[in-house]
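The values are calculated or read from the model by the stated rules, or taken from the named source; none is laboratory data. Nothing here was measured: the structure is a model prediction, and the numbers come from that model. Methodologically, a virtual Cβ is constructed for each residue, glycine included, from the backbone with ideal geometry; neighbour enumeration extends over all protein chains shown.
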Amino acid sequence: MKAIEIRNKYLNFFKNHNHKIIPSAPLIPENDPSVLFTTAGMQPLVPYLLGEKHPEGTRLTDYQKCVRTTDIEEVGDNRHLTYFEMLGNWSLGDYFREESIAMSYEFLTKELGIPNEKISVTCFAGDEDCPRDTLTAECWEKAGIPKERIYFYGKEDNWWIAGEEGPCGPDTEMFYDTGKEPCGPDCQPSCDCGKYVEIWNNVFMEYLKKDGKYTKLVQKNVDTGLGLERMAMLLQGKQTPFDTEIFKPIMDRLGELAKKDDIASRRIVAEHLRSSIMIVADGGRPSNIDRGYILRRLIRRMTRQMNKLEIDLNELGALIDLDINVLNELYPELADKKEIIKEVIIQEKDKFMKTLIRGEREFEKVIKRIKDQGKNTIDGEDIFKLYETYGFPPEVSKDLAEENGLKVNMDEVDKLFKMHQDKSRLGSEQKFKGGLAGTGEQEIKYHTATHLLNAALKEVINKDVHQMGSNITAERMRFDFSCDHKLTNEEKKQAEDLVNKWIQEDLQVTVETMKKENAIKSGAECMFIEKYPEDVTVYTIGNVSKELCGGPHVKHTGELGNFKIVKEEASSSGVRRIKAILE
Ligand code: SER
């Protein structure tokens, strides 16, 4: 069964069980600086899991584009992916364990045709925070899974939370038995010998973790996630996702272009190419920080592997064309964005090639010094410095060192990397903690300020100015918009004055729900039309601004204080960025 059929079956199945199909949110969370990318289907739904009413009701289903990069170094093996699609269904205070498990079982066995014997499940074993989940086990038995294939594990396996804090709960995971020999007498779903592959996770989300403590949420939710690529692989009887129709044409083409064969390198190129395309399509641009840096890393790693395979880098454009074609079935919206996707990825590849060439020059100097000193090993420090200063990848250093008859202390390099990674991982964990659920008073003000700035720029520059992204913290706002020139001082001043004028007028902010179609007809501004469900909320500020938006916003613009633009700069080609504060 092809991926698109699995997705369609899934959405239809849940639609037939009274779920509303909602669109995938963009990979880059809007107004949520707390996470780099959307990493799970539940993420855009956090406010609703916490109790806010969802305009589409209490039973939802969707496919969600996701990026997870914690395992980026593992890509190249037979399973890791940075981009993947998650199919999900949600109960927002509606059904709970019994119905959720009955539906999952029915979908797996009837719709996908997976034989009962191939399914094992796991449940939460219980601890001081939450009792043993015997009801879940009973539901599975009732569905037809025998006791021997129902396992109980602790928090490490059967508890789900996004990051450190937020809505969470015990989960039940479904595993597919690939038929491989057990790795030993204790072989179980929790072991990663490859016999059991996790296929679906249903979280019974009735807790909220905050400041290390668990309390009950206002409602009991179900949050489920099923990885599309993995399911396609299993149903097609393939060993890796790279053998499915999602990757195969690219893998084959890379094989034709490569002068050397290295399956891991081909997988890295195919995987990172797809992730980069998806991220750029949703507005991501390479940079040196946060999500821009992840995109940069993906493109760099891909470029290097292409070099390693001795593929002519001028083929990149044609490879992007091919991949967008391959992905067309799942993401037809990519076709319209083809030119910008190619421009961004190819430009970044060119930049990296310059880095590589410059790095190699610096590397020559290091080699000379080492040889002059009569040593035969390059210090980890040197390698790490080349990486930090020139972005010169350590694997390349190692290859070059060996070509020069020198050794590299890779353990030391790894140690330095680990220290570096721990630091940045700490950073991203704190980020996650920072804002998933938390929209404070100050963030709300900034949110309203972005609408005013958007309207002001349209008036000062021209009405073709559109929002390309935004990022808000309690301290400042960042606003990206399409514009072909650097703003003059006068334009900046005019925009700032206009926003302040509207703030002083203390305009009323109102919200209404309407059909998407009518909202667009009424001239409401919106960023990604495909992202919105049929019924949308529209925020209107006096008669100066009207935007499709999930909120929240202040009630009156007078609450904002004084608006000040602190910086205007290029963000990427054709996109400018304004940083502003409220004082
Ligand atoms: N949030 C859970 C997961 O990511 C279920 O969707 O696995």
Could we say that PHE14 is closer than 17 Å to LEU92 by Cα, among the aromatic types (Phe, Trp, Tyr) and within 16 Å of the ligand (Cβ to nearest atom) here? yes
Filter segment 176-210 down to residues that are under 25 Å from GLY41 (Cα atoms), in a loop (DSSP other than H, G, I, E, B) and touching a residue at least 40 places away in the same chain (Cβ under 8 Å), then give me how many there are. 2
Checked segment 57-89 for anything buried (at least 18 other Cβ atoms within 10 Å of the Cβ) and over 30 Å from GLN239 (Cα atoms); matches are THR58, ARG59, LEU60
Test TYR207 against the criterion of being more than 22 Å from the chain's Cα centre (by Cα), surrounded by 19 or more Cβ atoms within 10 Å (Cβ to Cβ), within 14 Å of the ligand (Cβ to nearest atom) and not polar (S, T, N, Q), and give yes or no. yes
Out of the residues in segment 44-75 that are under 14 Å from GLN219 (Cβ atoms) and among the hydroxyl-bearing types (Ser, Thr, Tyr), state the one that is modelled with the highest pLDDT. THR58
Being buried (at least 20 other Cβ atoms within 10 Å of the Cβ) and touching a residue at least 60 places away in the same chain (Cβ under 8 Å) is the requirement here; does PHE96 meet it? no
If PHE175 satisfies every condition in (1) over 22 Å from LEU235 (Cβ atoms); (2) buried (at least 20 other Cβ atoms within 10 Å of the Cβ); (3) within 15 Å of the ligand (Cβ to nearest atom) but one, which is the exception? (1)
Tell me, please, whether a residue that is of a type in the set (Lys, Arg), within 24 Å of the chain's Cα centre (by Cα) and at pLDDT 90 or above can be found in segment 326-337. yes
Any residue at all in segment 96-103 that is within 14 Å of the ligand (Cβ to nearest atom), touching a Leu at 6+ places or on another chain (Cβ under 6 Å) and either closer than 29 Å to GLU333 by Cα or not acidic (Asp, Glu) (or both)? no
Out of LEU356, LEU334, which single residue is in contact with a helix residue (DSSP H, G or I) (Cβ under 8 Å, 6 or more places away or on another chain), in contact (Cβ under 8 Å) with a residue 40 or more places away in the chain and over 28 Å from LYS2 (Cα atoms)? LEU356
Is it the case that SER91 is in contact (Cβ under 8 Å) with a residue 60 or more places away in the chain, in contact with a strand residue (DSSP E or B) (Cβ under 9 Å, 6 or more places away or on another chain), part of a strand (DSSP E or B) and within 15 Å of the ligand (Cβ to nearest atom)? yes
Collect the residues in segment 500-527 that are in a loop (DSSP other than H, G, I, E, B) and farther than 17 Å from THR450 by Cβ, keeping them in residue-number order. GLU505, ASP506, SER522, GLY523
Any residue at all in segment 75-86 that's among the hydrophobic types (A, V, I, L, M, F, W, C), within 27 Å of ILE279 (Cβ to Cβ), in contact (Cβ under 8 Å) with a residue 24 or more places away in the chain and away from the ligand (no atom under 16 Å from the Cβ)? yes
Would you check if ILE101 is over 30 Å from LEU273 (Cα atoms) and buried (at least 16 other Cβ atoms within 10 Å of the Cβ)? yes
What number goes with the only condition from (1) within 13 Å of the ligand (Cβ to nearest atom); (2) basic (Lys, Arg); (3) touching a strand residue (DSSP E or B) at 6+ places or on another chain (Cβ under 6 Å) that ARG68 does not pass? (3)
Residue ID - farthest from the chain's Cα centre (by Cα), chosen from residues in segment 459-508 that are of a type in the set (D, E, K, R) and surrounded by 19 or more Cβ atoms within 10 Å (Cβ to Cβ): GLU496
Output the number of the condition that ILE378 fails; it satisfies all remaining conditions of (1) surrounded by 17 or more Cβ atoms within 10 Å (Cβ to Cβ); (2) closer than 25 Å to ILE299 by Cα. (2)
Taking segment 37-76 as the region of interest, how many residues are assigned to a helix (DSSP H, G or I) and of a type in the set (S, T, N, Q)? 1
Looking at segment 458-473 only, could you name the residues that are within 17 Å of THR448 (Cβ to Cβ) and in a loop (DSSP other than H, G, I, E, B)? THR473
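Can you name the residue in segment 210-233 that is of a type in the set (A, V, I, L, M) and within 12 Å of the ligand (Cβ to nearest atom) and, of all such residues, is farthest from the chain's Cα centre (by Cα)? Show your work before the answer.
At the first step, the residues of segment 210-233 found to be of a type in the set (A, V, I, L, M) are 217-218, 222, 226, 228, 231-233.
Subset that is within 12 Å of the ligand (Cβ to nearest atom): 222, 226.
On the way: VAL222: 21, LEU226: 15 Å.
Here the residue is VAL222.
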Of the criteria (1) among the acidic types (Asp, Glu); (2) within 11 Å of the ligand (Cβ to nearest atom); (3) over 26 Å from ARG7 (Cα atoms), which one GLU198 fails: (3)
